[in-house]
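**Q** First, the structure itself, so that you have it in front of you.
The values are calculated or read from the model by the stated rules, or taken from the named source; none is laboratory data. Just so it is clear, the model here is predicted, and its values are computed rather than measured. Positions of Cβ are generated from backbone atoms using ideal geometry, with glycine treated the same way; all protein chains shown enter the neighbour counts.
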């Protein structure tokens, strides 16, 4: 499994395509880097780039991007609505796969030192990489922006963490650090008044606003007089959502105002919760939300959470295909309002894996029918189980929507979600069974020129055969889970769909039996007697339990069809 870091550098250029392309090409020149998204904004005059790769690759790609930006951009003439400190304003690292936070922090220090020494650009570390409390939050470092940096940098408290204590005239300074996944999100209003957007933003963001006396002539709280303490400081009122930052601005490109939001922890404060509250606040101010947009990428979990939330509000089942849940989120949040939302490009889980081919995405039946031993019976067994889980999900959804079964909705939701998870796991095993077979073949083809080579080859063959037995055994276990789920649906699901649930039992048990046959033939090649004996016993138990379940489910189905009780 690859060790992956996500890096999201923000460059202070969003209007000149030739300059943006030069920076992107410098990043792409690093072998192994994958650029997932390039999101320029004309009004912000800023481009957000999202890339992933192994740690060393990301460091080099980020360095080349920062270097190129310092050469082609000039901060002395830069203007835009977004706060910024330099040509590369901020360059965060986010651990994605098999990389710890501590390791990610070390990586940001390596990059920061390299930028400071080789490019002579001052660097500040922020978030988890920060060396002091004052530098954890990005706005603190960015305060005064590029225009105030030449004086700020001379202060002892604001000496850079790396690089010279002198502003780089063209490139300003760079902010680098390790952080959690951040979602950049904009909510669109049907007004050009950015003050209305700012007013709503202050209500939403954790930092809140200065308390004011309402102005009876205006709905905008910004028009009220600020309430101050005895020493003249504004009285602060905290906002509604934790780990949320927000400001309001006008976007000439869209001819409307936006509430620009950063979610620093989307699990503490969800996109859909903030969107719904923004809707309420907008209505109170006589404006309307037309939709929203995601800048950069979003985790799949955040989209599924939103989709399920809106499906529940509509009284619909959440035990439906992932694609349908995401579509509900897209429609409910209005994510196609100003730009098209493409799930395969905007959801990071999909974007990272988009280059991985799946046998199911190809024409599986054609692939299966060719004169090659894989994919074969193991993959078909997993497919049978996947078909059973799909049928179970369908029956759960139909039961959820049936009048007279309102009390069963929560149970049907859970069964539907369980079925969708089993579908995902079994779909993975369709390919993995083929991969396991190919590993066995590769191990058998190893050339041996010494006794050590032979020992190594025998060990690899043994391990490959063990894995080739484990994969279909896992398929069999999951197929039993599908059969159990479908058996419950026969008893408590929509009676009009009882035969669909029964077919789900039949095909999943068939998948189980087929997978068990693959386990038995593969353990014949394993010299570890204890391993083989254990797996053989597990196969026997799985077959016995599934056969009893199949017989009982068939009998129950016949009773329901004939009207018996």
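**Q** Condition (residue is assigned to a helix (DSSP H, G or I), surrounded by fewer than 18 Cβ atoms within 10 Å (Cβ to Cβ), in contact (Cβ under 8 Å) with a residue 12 or more places away in the chain and outside the structural domain of residue 95 (by TED's automatic domain parsing)) applied to the stretch 285-295: is it met by at least one residue?
**A** At the first step, the residues of the stretch 285-295 found to be assigned to a helix (DSSP H, G or I) are none.
No: zero hits.
**Q** For the subset of the stretch 329-344 comprising residues that are out of contact with any strand residue (DSSP E or B) (no Cβ under 8 Å at 6 or more places or on another chain) and in a helix (DSSP H, G or I), which member is farthest from residue 259 (Cα to Cα)?
**A** Filtering the stretch 329-344 for residues out of contact with any strand residue (DSSP E or B) (no Cβ under 8 Å at 6 or more places or on another chain) gives 329-332, 340, 342-344.
Subset that is in a helix (DSSP H, G or I): 329-332, 343-344.
Working: 329: 19, 330: 18, 331: 19, 332: 17, 343: 22, 344: 25 Å.
So, considering only residues that are out of contact with any strand residue (DSSP E or B) (no Cβ under 8 Å at 6 or more places or on another chain) and in a helix (DSSP H, G or I), the one farthest from residue 259 (Cα to Cα) is 344.
**Q** State which residue pairs qualify: first residue in contact (Cβ under 8 Å) with a residue 24 or more places away in the chain and inside the stretch 482-499, second residue outside any helix (DSSP H, G or I) and surrounded by fewer than 21 Cβ atoms within 10 Å (Cβ to Cβ) in any location, beta carbons under 8 Å apart, and separation of 6 or more residues or different chains.
**A** 494/402; 494/405; 496/402
**Q** I would also like to ask the following. Any chance you could count how many residues in the stretch 436-461 are surrounded by fewer than 16 Cβ atoms within 10 Å (Cβ to Cβ) and in a helix (DSSP H, G or I)?
**A** Let us first name the residues in the stretch 436-461 that are surrounded by fewer than 16 Cβ atoms within 10 Å (Cβ to Cβ), namely 438, 441-442, 444-456, 458-459.
With the extra rule that they be in a helix (DSSP H, G or I), the set shrinks to 438, 441-442, 444, 451-456, 458-459.
Number satisfying all stated conditions: 12.
**Q** Name the residue, out of 252, 223, that is over 36 Å from the mean Cα position of the chain (by Cα), at pLDDT below 95 and either surrounded by fewer than 20 Cβ atoms within 10 Å (Cβ to Cβ) or outside the structural domain of residue 196 (by TED's automatic domain parsing) (or both). Let's see the steps before the verdict.
**A** On the way: 252 fails: over 36 Å from the mean Cα position of the chain (by Cα).
Sole residue among the options that is over 36 Å from the mean Cα position of the chain (by Cα), at pLDDT below 95 and either surrounded by fewer than 20 Cβ atoms within 10 Å (Cβ to Cβ) or outside the structural domain of residue 196 (by TED's automatic domain parsing) (or both): 223.
**Q** How many residues, within the stretch 367-419, are in a helix (DSSP H, G or I), closer than 26 Å to residue 317 by Cα and more than 30 Å from the chain's Cα centre (by Cα)?
**A** Taking the stretch 367-419 and keeping what is in a helix (DSSP H, G or I), we get 367-369, 377-401, 406-419.
Next cut, closer than 26 Å to residue 317 by Cα only: 382-401, 406-419.
Now narrow it down to the ones that are more than 30 Å from the chain's Cα centre (by Cα): 399, 406-408.
Within the stretch 367-419, residues that are in a helix (DSSP H, G or I), closer than 26 Å to residue 317 by Cα and more than 30 Å from the chain's Cα centre (by Cα) number 4.
**Q** Any residue at all in the stretch 513-529 that's in contact (Cβ under 8 Å) with a residue 24 or more places away in the chain, surrounded by fewer than 16 Cβ atoms within 10 Å (Cβ to Cβ) and in a helix (DSSP H, G or I)? Don't jump to the end; show me each part of the working.
**A** Within the stretch 513-529, the first condition is being in contact (Cβ under 8 Å) with a residue 24 or more places away in the chain, and the residues that meet it are 513-519, 522-523, 525-528.
From the residues that got through so far, the ones that are surrounded by fewer than 16 Cβ atoms within 10 Å (Cβ to Cβ) too are 527-528.
If we keep only those that are in a helix (DSSP H, G or I) as well, we get none.
So far as the stretch 513-529 goes, no, none of its residues is in contact (Cβ under 8 Å) with a residue 24 or more places away in the chain, surrounded by fewer than 16 Cβ atoms within 10 Å (Cβ to Cβ) and in a helix (DSSP H, G or I).
**Q** Please go through the stretch 482-496 and pick out each residue that is part of a helix (DSSP H, G or I) and crowded, with 21+ Cβ neighbours inside 10 Å. Break it down into steps so the answer makes sense when it comes.
**A** Step one: filter the stretch 482-496 for residues part of a helix (DSSP H, G or I), giving 482-492, 495-496.
Of everything in the stretch 482-496, those that are part of a helix (DSSP H, G or I) and crowded, with 21+ Cβ neighbours inside 10 Å turn out to be 482, 483, 485, 486, 487, 489, 490.
**Q** Quick check on the stretch 194-219: of everything there that is in a strand (DSSP E or B) and either in contact (Cβ under 8 Å) with a residue 24 or more places away in the chain or not assigned by TED's automatic domain parsing to the domain that holds residue 250 (or both), which residue is surrounded by the most Cβ atoms within 10 Å (Cβ to Cβ)? Before the answer, list the steps.
**A** Just the residues of the stretch 194-219 that are in a strand (DSSP E or B), to begin with: 209-210, 212-213.
Of the ones still in play, those that are also either in contact (Cβ under 8 Å) with a residue 24 or more places away in the chain or not assigned by TED's automatic domain parsing to the domain that holds residue 250 (or both) are 209-210.
Values: 209: 20, 210: 16.
Within the stretch 194-219, the match that is surrounded by the most Cβ atoms within 10 Å (Cβ to Cβ) is 209.
**Q** Hey, residue 110 hits all of (1) within 29 Å of residue 352 (Cα to Cα); (2) not in a helix (DSSP H, G or I) but one; which does it fall short on?
**A** In the conditions (1) within 29 Å of residue 352 (Cα to Cα); (2) not in a helix (DSSP H, G or I), residue 110 misses (2) alone.
**Q** Yes or no: residue 191 touching a strand residue (DSSP E or B) at 6+ places or on another chain (Cβ under 6 Å), under 28 Å from residue 339 (Cα atoms) and part of a loop (DSSP other than H, G, I, E, B)?
**A** Numbers: touching a strand residue (DSSP E or B) at 6+ places or on another chain (Cβ under 6 Å): yes; under 28 Å from residue 339 (Cα atoms): yes; part of a loop (DSSP other than H, G, I, E, B): yes.
So residue 191 passes the test.
**Q** Of all residues in the stretch 124-145, count the ones that are in contact with a helix residue (DSSP H, G or I) (Cβ under 8 Å, 6 or more places away or on another chain) and either crowded, with 20+ Cβ neighbours inside 10 Å or under 19 Å from residue 164 (Cβ atoms) (or both).
**A** 9
**Q** Out of curiosity, is residue 562 crowded, with 17+ Cβ neighbours inside 10 Å and modelled with pLDDT under 95?
**A** Values: crowded, with 17+ Cβ neighbours inside 10 Å: no; modelled with pLDDT under 95: yes.
So residue 562 fails the test.
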